[in-house]
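Some notes on the structure that comes next.
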Amino acid sequence: MRYVLKIAYDGTAYAGWQRQKNARSVQEEIETAIQTALGSKVRVTGSGRTDAGVHAVGQTCHFDLDASVPPDKMPDCLNRFLPPDIRALDGFGADESFDCNRSAKRKTYCYALYVSERENPLKERYMARLDNAPELEILRKKAKLFEGEHDFKAFCASGSSVKTTVRTVYEVRVEESESYQSRDLKIYVTGNGFLYNMVRTMVGELLDLANGKREEDSLQRAYQSGDRSLLGKTMPAKGLTLVSVEY
């Protein structure tokens, strides 16, 4: 049977989703839990990699296993053996043709920030702090510059081995709220796929554009040339969460 799981994790302690030789990964923890719970060594396939320190509330993965556990009960079976910062939220059965990675059509990430003069320990783990931030309407206007099909090579960290750096961003949505005496910003990015560090670099560039530190023509030159030096900084991993994967 092909089991499909919806996974949530706090990525703080992990070197990302993908199994690595000398570091903890979310994939490895899930595979170990399956082996411990069910006595079978399997390979788990995720919808995609998340970078070191990045979180998820809607990661999906699949694995093949001949087991008597119903798909909707698999999360309870595995959660007993997973570390507390990783949890299976839901379980499904799928046809063998379904692939969590190759069948994915759209993914949504959220980057969270808060505006405060000083660090707030209740927010630091999952949000990046700003001393100040542009007005919401300015951020929303500049966010539109990232929508559509573009070559995002300049937004990709060096060393990537992807075949193409062209991606389609369907929507960049900025929301604002207040909590614990600070202004909170959430930037949701939905696309057909993302490059290594792409969303974090997008957020850094969006802030620079909205602050007037960079002009729109430099962004267009970055699309055309792939020159990373034309863009803003890459934001910290802790503010990024994989929200959902659509099939």
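The values are calculated or read from the model by the stated rules, or taken from the named source; none is laboratory data. Computed from a predicted structure; not experimentally measured. Heads up, the Cβs are rebuilt from the backbone with ideal geometry, glycines too, and the neighbour counts pull from every protein chain shown. Each accessible area value is taken on the protein alone, full model and side chains, heavy atoms only, with ligands, DNA and RNA left out. Shrake-Rupley method; radii C 1.70, N 1.55, O 1.52, S 1.80 Å.
Could you quote the convex hull projected area for segment 170-226, Cα atoms only and averaged over all directions, in nm²?
5.1 nm²
Cross-link candidates for residue 6: which lysines have Cα within less than 20 Å, leaving aside residues fewer than 8 places away along the same chain?
Partners within reach: 41, 73, 105, 107.
Helix 216-225: angle to the longest alpha-carbon principal axis of the chain, degrees 0 to 90, nearest 10?
It works out to around 50 degrees.
Based on DSSP H runs of at least 4 residues, each adding -39500 (n - 2.57), what is the mean residue ellipticity at 222 nm of the chain after dividing by all its residues, to the nearest 500 deg cm²/dmol?
Helix-only estimate at 222 nm: -6000 deg cm²/dmol.
Aspartates and glutamates within cross-link reach of residue 153: Cα-Cα under 18 Å, excluding same-chain residues under 8 positions apart?
51, 205, 216, 217, 227
Which residues' amide hydrogens lie under 5 Å from the amide hydrogen of residue 183, considering only partners 5 or more residues apart or on another chain, with H built in the peptide plane?
115
Rounded to the nearest whole Å², what accessible area per residue is found for segment 34-151 with the 1.4 Å probe?
55 Å²
Which length gain, in nm to one decimal place, applies between residue 66 and residue 227 when the Cα-Cα distance is subtracted from 0.36 nm times their residue separation?
53.1 nm
Can you grab the distance from the C-alpha centre of segment 107-163 to the C-alpha centre of segment 179-243, Å, no decimals?
4 Å
Can you work out the Karplus-derived ³J(HN,Hα) for every residue in segment 132-146? Use 6.51 cos²θ - 1.76 cosθ + 1.60 with θ = phi - 60°, whole Hz, and x for glycine or proline.
7, 8, x, 5, 4, 5, 5, 4, 5, 5, 5, 4, 5, 5, 9
For segment 1-130, what does the equivalent ellipsoid look like in terms of its semi-axes, each the square root of 5 times an eigenvalue of the Cα gyration tensor, given largest first in whole Å?
For segment 1-130, the ellipsoid semi-axes come out as 29, 16, 13 Å.
Label segment 79-200 by shape, choosing from rounded, prolate and oblate, from the square roots a ≥ b ≥ c of the eigenvalues of the Cα gyration tensor; if a/c is under 1.5 it is rounded, and otherwise prolate applies when a/b is larger than b/c, oblate when it is not.
It is oblate, given that a/c is not under 1.5 and a/b is not larger than b/c.
Pick out, in residue order, every one of the GluC sites (Glu not before Pro) in segment 146-234 that is DSSP loop and has at most 14 other C-beta atoms within 10 Å; say none if there are none.
When the GluC sites (Glu not before Pro) of segment 146-234 are filtered for loop state and at most 14 Cβ neighbours within 10 Å, 215 remain.
Once the piece of chain linking residue 117 and residue 79 is laid out straight, how much longer is it, given 0.36 nm per residue of separation minus the C-alpha distance between them?
Here the answer is 9.8 nm.
I need the phi-derived Karplus couplings for segment 117-126: 6.51 cos²θ - 1.76 cosθ + 1.60, θ = phi - 60°, integer Hz, Gly and Pro marked x.
Working through the residues one at a time gives 5, 10, 5, 10, x, 7, 10, 4, 6, 10 Hz.
Could you give me the ³J(HN,Hα) list for segment 27-44, computed from phi with Karplus coefficients 6.51, -1.76, 1.60 and θ = phi - 60°, whole Hz, x at Gly and Pro?
4, 4, 4, 5, 5, 5, 5, 5, 5, 5, 6, 10, x, 10, 8, 10, 9, 9
Give me the distance in nm between label points sitting 7 Å out from Cα along the Cα-to-Cβ direction at residue 178 and residue 97, one decimal.
The two pseudo-label positions are separated by 5.4 nm.
How would segment 44-108 be classified by its alpha-carbon gyration tensor: rounded, prolate or oblate, with rounded meaning a/c under 1.5 and the a/b versus b/c comparison settling the rest?
oblate
If we count every other residue with Cβ under 13 angstrom of residue 223's Cβ, Lys/Arg +1 and Asp/Glu -1, where does the sum land?
After counting each charged neighbour, the total is -3.
Take every DSSP beta bridge whose two residues both sit in the chain, then give the antiparallel share in percent to the nearest 5.
90 percent
Going from the alpha-carbon gyration tensor of the chain, what semi-axes, largest first and in whole Å, does one get by taking the root of 5 times each eigenvalue?
Listed largest to smallest, the semi-axes of the chain are 34, 21, 15 Å.
Please enumerate, by chain and number, the lysines with C-alpha under 17 Å from the C-alpha of residue 238, excluding those fewer than 8 residues away in the same chain.
123, 186
Can you give the local net charge around residue 170? Use residues other than it whose beta-carbon is closer than 13 angstrom to its beta-carbon, Lys and Arg +1, Asp and Glu -1.
Residues close to residue 170 contribute a combined charge of +2.
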